[in-house]
Amino acid sequence: PITLLIIDDDPDACHLFKMILEKEGYRVLTTTDASRSLRLIKEKSPEIVFLDIKMPRVNGIELLRRIRKIKKDVIVIMLTGYATLDTARKAMELGAYDYVTKPFDLEAIKASIRDALEVKASD
């Protein structure tokens, strides 16, 4: 199955993502910790990473930079409740595939996953 990694400092958001996306047939890994997320990316090679922009200690933009250094081809979809044009632009410049705002729309998330996997398959 396709492996997804959810990186969000809110454990409830991680749990919700896991419950919903596992029902869709995905293997879902979650973490609230930036350092652990990098280890999971190296060890488990998820196809898609959902990354919260507002994280403690290391913000999502910086974590995206670090992810790109260790795995350039992973698809990263940014998550935020505080969408700004500047943040979205910066994330896209660093190679984020998409940007999803909170509260989450399940259909939009599923569509983003499908689109990302189609893009990855065509590469």
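Every number here is computed from the coordinates shown, using simple stated rules; none is lab data. Since the structure is predicted, the reported quantities are computational estimates derived from the model, not experimental observations. Cβ atoms come from the backbone with ideal geometry, glycine included; neighbour counts cover every protein chain shown.
Figures for the structure shown
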| quantity | calculated |
| --- | --- |
| V49 long-range amide H proximity, modeled H, under 5 Å | L5, I75, V76, I77 |
| Distance in nm between pseudo-label sites at D123 and R66 (7 Å out along the Cβ direction from Cα) | 2.1 |
| Helix-only mean residue ellipticity at 222 nm for the chain, each DSSP H run of n ≥ 4 adding -39500 (n - 2.57), per residue, nearest 500 | -15500 deg cm²/dmol |
| Protection proxy ranking of 50-63, 95-108 - average other beta-carbon atoms within 10 Å, highest first | 50-63, 95-108 |
| Under 14 Å from K23, Cα to Cα: aspartates and glutamates that are on another chain or at least 8 residues apart | E107 |
| Distant-in-sequence amide H partners of V100 (H built 1.01 Å from N, under 5 Å) | M78, L79, T80 |
| Highest-first arrangement of 4-11, 31-38, where packing means the average Cβ count within 10 Å | 4-11, 31-38 |
| In sequence order, calculated HN-Hα J values of the stretch 44-57 (Karplus, 6.51, -1.76, 1.60; Hz; x Gly/Pro) | 9, 6, x, 6, 9, 10, 9, 10, 6, 6, 8, 10, x, 6 |
